[in-house]
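One structure below.
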Amino acid sequence: MKVLVINCGSSSLKYQLFDMADERCMAKGNVERVGSPDAFIVHRPEGSDKITFNVEARDHEQALKHVFAALTDSTHGVISDLGQVSAIGHRVVHAGEKYAGSVLITDEVMAALNECQDLAPLHNPPNIMGVVACRRLMPDLPMVGVFDTAFHQTMPREAYMYALPYEMYTKYGLRRYGFHGTSHRYVSARAAHVLGKKPQDVCVVTCHLGNGSSLAAVKHGVSIDTTMGFTPLEGVPMGTRSGDLDPAIVSFLCEKLDKSATEVVQGFLNKKSGVLGLSGGLSNDFRDLEQAAVDGNDLAKLALDVFAYKTAKYIGAYAVAMGALDAIVFTAGIGENSPEMRQRICDRLGLFRVELDPARNAMRGVEQVISTPNSGVAVLCVPTNEEITIARDTVQIVESGVAAL
Ligand code: ADP
């Protein structure tokens, strides 16, 4: 079975085509700057160099037509016609409390996702545009929605409720949802596998550290807490997002900066804060910050220290939440590629007798244990793979006709 995985952002459309017989990625790519006159596609067939060319993509439907054309092109295509694609798996950020697993997309599901637009006004609309475009162009193809929030639907009430008047929850759905669920699910299962254990036998803290970062407490295979909340702004500081704050800061900044609350949250806390803000505007990229810290830049060091401190603090909190800690897993851009940040975080976990193996920790993007045999807790690096997880869910649902989880 060949499965196309689609991930639509506001101005981008990422895709991967899998042959699920051996889970081989036949081709992948990205249409960027969708909606602008200088849109282009980057297409990489398996085993070949990537090719880039300008395309006309005023909207996601047009972008999708270029993806279909690239996949079936006589020179750089990988299939002869679209009839070879059996199903499409869509990444959708927010499913509210509606879905705790992946689902076959029907008109009823579309209606439910549209209801969630309010909860994720930045993320869901482009995701849904991608689904709508695919359904219009390929109306007979089964499609599956895989949600970032779904894995965290197992959180207990005490973990997902804010201490606000209860009717804010019942009226507006104001609660913690969590994100990056597909990644936390994948890497926690891989970590158990690498340790030779079943997911139901281990307590794992997964650290998805990228431009957006979140941690999850995965106890016996289910998420019982995670750092992102109602929106992806909560939790550890990120590239440009503040993470946890005293909420009174919002009104304080509204007054001082003469801005509306929306401007403060969207423009300031989401885009100008995090390690970018802490480093005095130097960079949101941890490679730049590590280099600047080596060169003696004190604010770069501060940004890295705050990030490491808050991440380590959550690991400790999640050990308490789970009542045990068998493994810590690092994934995503920073987690997979920054031995320096892994070390900075683990240096703060002396209470758990965490000990990294310097040679193993020096590796980037390799799935392996990176702690010593004497370490009090196993530490692993596991490159995430949300796309294969979406493709697997799609196969499972299409073949069985039931929910994947
Ligand atoms: P996104 O959240 O956009 O998916 P990624 O998971 O791709 O982000 O992570 C991107 C971030 O990973 C970059 O901004 C950079 O900070 C970090 N990163 C990538 N490679 C390295 C590296 N070699 N060392 C340190 N940080 C890195």
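Of the conditions (1) away from the ligand (no atom under 12 Å from the Cβ); (2) within 18 Å of Cys207 (Cα to Cα), Thr394 satisfies every one except a single condition; which number is it?
Unmet condition: (2).
Of Ile370, Ile345, which residue is β-branched (Val, Ile, Thr), touching an Asp or Glu at 6+ places or on another chain (Cβ under 7 Å) and within 16 Å of the ligand (Cβ to nearest atom)?
The conditions single out Ile370.
Taking the stretch 12-39, which residues are touching a residue at least 40 places away in the same chain (Cβ under 8 Å) and not in a strand (DSSP E or B)?
Listed by number, the residues that qualify are Met20, Glu23.
Of the numbered conditions (1) out of contact with any Pro (no Cβ under 8 Å at 6 or more places or on another chain); (2) farther than 22 Å from Cys203 by Cα, Ala362 fails exactly one; give the number of that condition.
With (1) out of contact with any Pro (no Cβ under 8 Å at 6 or more places or on another chain); (2) farther than 22 Å from Cys203 by Cα applied to Ala362, the lone miss is (1).
Of the residues Ser214, Ser183, only one is hydroxyl-bearing (Ser, Thr, Tyr), in contact with a Gly (Cβ under 6 Å, 6 or more places away or on another chain) and either within 16 Å of the ligand (Cβ to nearest atom) or at pLDDT below 95 (or both); which?
From the options Ser214, Ser183, the qualifying one is Ser214.
Out of everything in the stretch 259-278 that is without any contact (Cβ under 8 Å) to a residue 24 or more places away in the chain and β-branched (Val, Ile, Thr), what residue ends up being surrounded by the most Cβ atoms within 10 Å (Cβ to Cβ)?
Here the answer is Val264.
Identify, please: which residue in the stretch 204-222 is of a type in the set (S, T, N, Q) and touching a strand residue (DSSP E or B) at 6+ places or on another chain (Cβ under 8 Å) and is, among those, nearest to Val275 (Cα to Cα)?
Once the filter is applied, the top-ranked residue is Ser213.
Among the residues of the stretch 324-347, what is the count of those that are surrounded by fewer than 19 Cβ atoms within 10 Å (Cβ to Cβ) and not in a helix (DSSP H, G or I)?
Adding up the residues that qualify gives 3.
Name every residue in the stretch 225-251 that is more than 17 Å from Gly316 (Cα to Cα), of a type in the set (Val, Ile, Thr) and not in a loop (DSSP other than H, G, I, E, B), in order of residue number.
Correct list: Ile249, Val250.
Select from the stretch 129-165 the residues that are assigned to a helix (DSSP H, G or I) and aliphatic (A, V, I, L, M) and list them in ascending order.
Met129, Val131, Val132, Ala133, Leu137, Ala150, Ala159
Go through the stretch 345-388 and report how many residues are closer than 17 Å to Val236 by Cβ, in contact with a Ser or Thr (Cβ under 9 Å, 6 or more places away or on another chain) and not polar (S, T, N, Q).
Counting residues in the stretch 345-388 that are closer than 17 Å to Val236 by Cβ, in contact with a Ser or Thr (Cβ under 9 Å, 6 or more places away or on another chain) and not polar (S, T, N, Q) gives 3.
Are there any pairs with C-beta distances below 7 angstrom linking a residue in the stretch 279-295 that is closer than 18 Å to Leu209 by Cα to a residue that is among the β-branched types (Val, Ile, Thr) and near the ligand (Cβ under 6 Å from one of its atoms), with the two at least 6 apart or on different chains, and if so which?
Phe286/Ile334
Could you list all residues from the stretch 251-275 that are out of contact with any helix residue (DSSP H, G or I) (no Cβ under 8 Å at 6 or more places or on another chain) and within 17 Å of Ser338 (Cα to Cα)?
Passing the criteria: none in range.
So, in the stretch 303-323, of the ones that are in a helix (DSSP H, G or I) and among the small types (Gly, Ala, Ser), which residue ends up surrounded by the most Cβ atoms within 10 Å (Cβ to Cβ)?
Ala303
Which condition breaks for Gly280 when tested against (1) over 24 Å from the mean Cα position of the chain (by Cα); (2) of a type in the set (Gly, Ala, Ser); (3) closer than 24 Å to Leu122 by Cβ; (4) more than 16 Å from the ligand (Cβ to nearest atom)?
(3)
Give me the pairs: first residue in the stretch 338-363 and closer than 16 Å to Gly376 by Cα, second residue more than 16 Å from the ligand (Cβ to nearest atom) and in a helix (DSSP H, G or I), beta-carbon distance under 6 Å, and six or more apart or on different chains, which are they?
That search, which allows pairs on different chains as well, returns Ile345/Ala312; Arg348/Ala312; Leu349/Ala312.
Scan Val42, Val78, Val5 and give me the residue that is surrounded by 23 or more Cβ atoms within 10 Å (Cβ to Cβ) and either in contact with a strand residue (DSSP E or B) (Cβ under 6 Å, 6 or more places away or on another chain) or in a loop (DSSP other than H, G, I, E, B) (or both).
Unique residue meeting the criteria: Val5.
The values are calculated or read from the model by the stated rules, or taken from the named source; none is laboratory data. Bear in mind the structure is a predicted one, so any value in this text is a computation, not a measurement. Don't worry about glycine lacking a Cβ; one is built from the backbone with ideal geometry, like all the others, and counts go over all protein chains shown.
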